[in-house]
Amino acid sequence: MDATTSRTPTIQYHNIPDQSGTAIAAASVPTFPRQVRHCFGDSSPGEFPLAANPSIVLHVLTACNLDPRDLAKLEATCSFFRRPANFTPDYELSISELAALDMCQKRAIFKPMTDEECQNLKRKCGGSWKLALRFLLAGEACCRREKSQAIAGPGHSIAVTSTGVVYSFGSNTSGQLGHGTMEEEWRPQQIRSLQGIRIIQAAAGAGRTMLVSDAGRVYAFGKDSFGEAEFGVQGTKLVATPQLIESLKDIFVVQTAIGNFFTAVLSREGRVYTFSWGKDRKLGHQTEPNDVEPQPLLGALEDVPVVQIAAGYCYLLCLACQPSGMSVYSVGCGLGGKLGHGSRTDEKHPRLIEQFRLLNLQPMVVAAGAWHAAVVARDGRVCTWGWGRYGCLGHGNEECESVPKVVEALSKVKAVHVATGDYTTFVLSEDGDVYSFGCGESASLGHNTAAEGQGNRHANVLSPELVKSLKQVKEKVVQISLTNSIHWNAHTFALTESGKLYAFGAGDKGQLGVELMNNQTERVNPERVDIDLK
């Protein structure tokens, strides 16, 4: 935005009254000659130099990628940043609002939006481009959209490079690897049919995989029904190559999450849709278990933008971005207190978890394990709740917690991310350290560094412990992913800043991307996977 092309009238300099100087003169304090210093061109001492060329200020604010909160603070402390800047595309917008709009326009998801869609997003976020920017940035941070990622699914694994190329490996009984066959793969293999399509997010469930492209399209393969045979779901169809989900073609999707009985997708505008598991209005709408038509999640979130969704075994968590701050809503099965409302009753419609307000905590990342959940706050605190079996809540016991509770053992750790599985939790700190606790089955916690076949590597951990084996890779870890299914032994991925992927835990189906020898079924120590995700 250049001032020379915005039909901006001649800019008038505005003096800022020097009240402190007046007070000194009133007190008859002797004055001394001072050096005359020009701040900008012909401006005089005492004049605000920023007003001489607002376009430079705008460029600096945009180039520095200031946090939306910092832009708001500029407006709150100085009138220059909150008065109309007289720039296109909206002469009434302030410098801070224009900087936020410029930064929104840099986001990959925002770029293809029409003017009407942009304005609708701004309205839904609270009527400010600063709030819209906060919404976009929060979504990118939660799900690693547009970045490399690895997904430790139930028996199979998905890896996405920073350029959107997809690799898969592991169990393939339902075609969930997407290679057109039903054969297991012990080494990462690129899904060739996706060439030319950039994938930005992936999700893996029991026997199924879903991928989201940068164009908002969703591809799925594997089983096309939900639930296990004992729940009465019959006639499963198997799809061995990625297929476009036609029912979502009119929805620009940015994230998908797979539960055991349902799938949820999140649109770029922050709207949540679900497939299946709507019987008896469990998810706010009346459908059959094998329904493949997306249904909008009704209730409290109908006009509240959501930045992240997380699916557990039979429930869904939604991280919402409101003008008053970030909040978490839950819906579904309440067994074990995993919905966080202080009870174990089911919720048919999304309900706000009030406990975060009582804890004065701003949720920034949410994770839904099979039976327990976790949140990372802006200040780095970690909260867990739900079924506490095997110590997966990190509170030093196996008690259930029906409302979010701060993990005191991590009080000296500033967390930035959390991952949950079947009674297992991993926490990633700001400096790249990894802590884990919960069920030690399959050696998926990464604590025992003894030689293969030695020591009690399956011991449960009731309080957070540093994963020392990951310190040996001598790189900062930026993502942790672990299996979130009660029907499969767990494995874990650790992705480093340079794009290296390490795996440990169960590997009997090739899901580690490393071929095991001598009848081994798991890896105790992290081992490098032969794939570069950078």
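Within the same chain, lysines fewer than 8 places from K106 are excluded, and of the rest, those with a Cα less than 30 Å from its Cα are K73, K122, K124, K130, K147, K249, K414, K476, K500, K534. Under the combined filter of DSSP loop state and at most 10 neighbouring Cβ atoms within 10 Å, the range 378-444 retains these trypsin sites (Lys or Arg not before Pro): K412.
The equivalent ellipsoid of the range 414-515 has semi-axes of 19, 15, 14 Å, largest first, where each one is the square root of 5 times an eigenvalue of the Cα gyration tensor.
With the simple model of a label 7 Å out from the Cα in the direction of the Cβ, N360 to H59 spans 4.3 nm. Applying a DSSP loop filter and a limit of 15 other Cβ atoms within 10 Å to the GluC sites (Glu not before Pro) in the range 63-149 leaves E92.
Pairwise over distinct Cα atoms, reciprocal of the mean inverse distance: report the Kirkwood radius of the range 348-414 in Å, one decimal place.
Values: mean 1/r = 0.0818 Å⁻¹.
Over the range 348-414, the inverse of the mean reciprocal pair distance is 12.2 Å.
Label-to-label distance for D250 and R344 is 4.3 nm, based on points extended 7 Å past Cα in the beta-carbon direction.
In this rough spin-label picture, where each label sits 7 Å from Cα along the Cβ direction, the E293-S411 distance is 5.4 nm. Hey, with R₀ at 56 Å, roughly what FRET efficiency would R82 and N518 work out to, going by the Cβ-Cβ distance, to 0.05? Taking R0 as 56 Å, the efficiency between R82 and N518 is 0.20. At a temperature of 4 °C and a viscosity of 1.567 mPa s, determine how fast the range 306-424 diffuses translationally according to Stokes-Einstein, using the Kirkwood radius over alpha-carbon pairs as Rh; express D in µm²/s, rounded to the nearest whole number. For the chosen part, D equals 95 µm²/s.
One Cα centroid belongs to the range 412-449, the other to the range 387-405; the line between them spans 15 Å.
The GluC sites (Glu not before Pro) of the range 470-534 that meet both conditions, a loop assignment by DSSP and at most 11 other Cβ atoms within 10 Å of the site Cβ, are E515.
Where Rh denotes the Kirkwood radius from the mean inverse Cα pair distance, what is Rg over Rh for the range 95-161? Write down the numbers at each step before the final one.
Working: Rg = 15.1 Å, Rh = 13.4 Å.
Taking Rg over the Kirkwood Rh, I get 1.12.
Determine the relative contact order of the range 325-410: mean sequence separation of Cα pairs under 8 Å and six or more apart, normalised by residue count, in whole percent.
Here the relative contact order equals 27 percent.
A short reminder: the numbers here are calculations on the coordinates, not readings from a lab. Just so it is clear, the model here is predicted, and its values are computed rather than measured. Ideal geometry is used to build each Cβ from the backbone, glycine not excepted, and the neighbour counts take in all protein chains shown.
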